[in-house]
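Chemist: Structure in structure tokens, see below.
The values are calculated or read from the model by the stated rules, or taken from the named source; none is laboratory data. All values reported here derive from a predicted model rather than from experimental measurement. Cβ coordinates were reconstructed from backbone atoms using ideal geometry, including for glycine residues, and neighbour counts include every protein chain displayed. Note: accessible area is taken over every heavy atom of the protein model, side chains too, but ligands, DNA and RNA are not part of it. Shrake-Rupley method; radii C 1.70, N 1.55, O 1.52, S 1.80 Å.
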Amino acid sequence: ASHSCDRQFSEGESQLHLRGKIQLFEWLKSLGHTVELEPFLPKLAQRPDILLQSKKQTIAMEYQCSAITNENWLLRTEGYEKNHIQALWLFQTPQNKYKAHAIQKIRISPIFQNVINYSASNVPYLVTYDANAVQFNYWTNLLHVHGHTFIAQVLNIPLEKQHFPFYEPNLITY
């Protein structure tokens, strides 16, 4: 299988993007969520990869496999938010060989830094999805060193063991 997000398929999608989007859609459906694949939102003239509806909120899940400019990311995110839709960006996990369940130095690109979350106990973390390995990757307890360099604990959760809403990491204690 190709690791490239650049090989184009229908409507400019790569095989990896198509596979990841379908995996995520089927996973959310299997958890009992109300989801639509690529619905057209006329008010926004946008088509999110997955639209998730619950009693409390609407979430546009964007599985981002190829590069996106900060401007395009911001435009799409603000478009959703202005229409009371929460944007949830899941980037394809970079193919760097990080050790699972280890604390290590990692590089987080500026666009990935846009989607860093904070748990209820204020632990900074980032969730990515790897359509090749069919797993979520958590970079947790993020500590900024300089530039794009962080210290993080890396955790992998297979798709079938993940919940939605996502697990929130705990603070590392010694």
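Chemist: Within the set of pairs 6 or more residues apart or between chains, which connect a residue that is polar (S, T, N, Q) inside segment 80-101 to a residue that is assigned to a loop (DSSP other than H, G, I, E, B) and exposed (fewer than 14 other Cβ atoms within 10 Å of the Cβ) with Cβ atoms less than 9 Å apart?
Modeler: 83/43; 86/57; 93/133; 95/3
Chemist: Applying the selection to segment 92-126, what residues are under 22 Å from residue 23 (Cα atoms) and open to solvent by less than 10 Å² (accessible area, probe 1.4 Å)?
Modeler: The one that is under 22 Å from residue 23 (Cα atoms) and open to solvent by less than 10 Å² (accessible area, probe 1.4 Å): 126.
Chemist: Count, please, the residues in segment 56-85 that happen to be small (Gly, Ala, Ser), surrounded by fewer than 20 Cβ atoms within 10 Å (Cβ to Cβ) and outside any helix (DSSP H, G or I).
Modeler: Taking segment 56-85 as the starting set, the residues that turn out to be small (Gly, Ala, Ser) are 60, 66-67, 79.
Next cut, surrounded by fewer than 20 Cβ atoms within 10 Å (Cβ to Cβ) only: 66-67, 79.
Restricting the remaining residues to those that are outside any helix (DSSP H, G or I) gives 66-67.
Looking only at that region, the number is 2.
Chemist: In segment 134-151, which residues are exposed (fewer than 13 other Cβ atoms within 10 Å of the Cβ) and not in a strand (DSSP E or B)?
Modeler: Selection gives 147 alone.
Chemist: Can you tell which of 44, 88, 52, 37 is more than 22 Å from residue 145 (Cβ to Cβ), surrounded by 14 or more Cβ atoms within 10 Å (Cβ to Cβ) and modelled with pLDDT under 95?
Modeler: Values: 88 fails: modelled with pLDDT under 95; 52 fails: modelled with pLDDT under 95; 37 fails: modelled with pLDDT under 95.
Being more than 22 Å from residue 145 (Cβ to Cβ), surrounded by 14 or more Cβ atoms within 10 Å (Cβ to Cβ) and modelled with pLDDT under 95 holds for just one of 44, 88, 52, 37, which is 44.
Chemist: Just to be sure, is residue 115 under 9 Å from the mean Cα position of the chain (by Cα) and part of a loop (DSSP other than H, G, I, E, B)? Spell out the reasoning first.
Modeler: Numbers: under 9 Å from the mean Cα position of the chain (by Cα): yes; part of a loop (DSSP other than H, G, I, E, B): yes.
The answer is yes for residue 115.
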